[in-house]
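Contents: one structure, followed by commentary.
Each reported figure results from applying straightforward, stated rules to the coordinates on display, with no laboratory input. All values derive from a computational prediction rather than experimental measurement. All Cβ positions, glycine included, derive from the backbone under ideal geometry; neighbour counts span all protein chains shown.
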Amino acid sequence: METKNNNLPEVVMPETEPIKILAGQKALVTGANSGIGEGIALELGKAGADIVVNYVTNPDQAEAVVEKIKMTGAKAIAVKADVSKEDEVGSMFEEMFKHFGTIDILINNAGLQQDSQFDMMSIDKWDKVIGVNLTGQFLCAREAIKEFKRRGVKKEVSCAAGKIIHISSVHEVIPWAGHVNYASSKGGIMMLMKSIAQEVAPYRIRVNSICPGAIRTPINKQAWDTPEAYNKLMELIPYGRIGEVDDIGRAAVWLASDHADYITGTSIFIDGGMTLYPGFATGG
Ligand code: NAD
């Protein structure tokens, strides 16, 4: 398939030696059996963290991710939980503590879309998206913060008592017609993240968001799986290529590591310039 909109060379990601900057740390990645969650889980594993691979459907995919992580030398287990359900989130953390003793890094990634023209949007579609994308991130963050505060800083593991990375979206700032529930959930994540960050900074707990642009995953397949769709998508991306899950995974490793120790309360956009509003490059 021709996926380029110009004559730029193929993207070749630099091969990097895995540096074990997260050695000894325990990470939970929600929705880690697919897409961005899987990409982050694999990168955290390569960086030396032991991983809980959360999933809600497709256990085989979750087990496959666990096996890939184990090949890097890290430990990994798959744990089933619907992040929008308080009791299931509680059980997931208990399971994590039983296996790994504690948590150092939470990646709040699980999310979905249920699109609809606004005046046709059912309350079920609204509740489902807010329930998973926003309430799910609240429930997991709350359990992680309890443990970070209980345990405090362990200097030999990290300068911080814990790190949370919310996976938000460019749609925390870009309005999105036809996706009002999704954009509202992501806008909500911005203030969830900032307010938690403000409250827990004195405990040396860091809370940030990563806001992906268009990343090649199942959630947005219709936006990249034909040349026509891909070329249309490129009109929104000044950098001229779609994002890959590694683009997010590598940034998550750095943001969770002590290399980013002074960063809290921030949204990091990884979007090939989508939030530069490219329509204004020639007009406005
Ligand atoms: P994906 O569909 O591949 O992955 C979503 C994951 O969330 C899946 O593993 C799914 O099973 C899981 N999930 C859904 N409901 C769940 C629930 N109730 N409990 C637990 N897990 C649940 O899509 P993705 O693109 O990898 O999306 C991951 C995150 O990235 C989402 O929060 C999404 O909003 C965000 N995001 C994606 C893009 C993109 O372009 N792909 C852009 C911006 C933000």
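Which shape class, rounded, prolate or oblate, goes with the range 1-151 when its Cα gyration tensor gives a ≥ b ≥ c as root eigenvalues, a/c under 1.5 marks rounded, and past that a/b bigger than b/c marks prolate? The shape class here is oblate. Charges were assigned to the Cβ only: +1 to each Lys and Arg, -1 to each Asp and Glu. The resulting dipole of the chain about its Cα centre is roughly 880 debye. Each peptide in 207-213, 238-244 gets a packing score, the mean of other Cβ atoms within 10 Å over its residues, and the list from highest to lowest is 207-213, 238-244.
Going from the residue with the fewest nearby Cβ atoms within 10 Å to the one with the most, His166, His99, His171 rank His99, His171, His166.
Within 12 Å, Cβ to Cβ, of Gly265, how many net charges do the neighbouring residues add up to if Lys/Arg are +1 and Asp/Glu are -1? Can you show the working numbers first?
Working: positive: Lys194, Arg206; negative: Glu199.
Net charge in that neighbourhood comes out at +1.
The packing ranking of peptides 32-41, 214-223, 60-69, 178-187, highest mean first, is 32-41, 178-187, 60-69, 214-223, where packing means the average number of other beta carbon atoms within 10 angstrom of each residue. Which entries of Lys20/Lys98; Lys128/Lys163; Lys98/Lys125 show an alpha-carbon separation above 30 angstrom in the structure shown? From Lys20/Lys98; Lys128/Lys163; Lys98/Lys125, over 30 Å: Lys98/Lys125.
Rounded, prolate or oblate: which fits the chain, taking a ≥ b ≥ c as square roots of the Cα gyration tensor eigenvalues, rounded meaning a/c under 1.5, else prolate when a/b beats b/c? Prolate shape, in that a/c is at least 1.5 and a/b is the bigger ratio. Suppose only helical runs count, i.e. DSSP H with n ≥ 4. What mean residue ellipticity at 222 nm does that imply for the chain under -39500 (n - 2.57) per run, divided by all residues and rounded to the nearest 500 deg cm²/dmol? The helix contribution divided over the chain gives -11500 deg cm²/dmol.
When the range 26-271 is described by a simple charge dipole with +1 on each Lys and Arg Cβ and -1 on each Asp and Glu Cβ, the residue from Gly162, Met121, Gly178 located farthest towards its positive end is Gly162.
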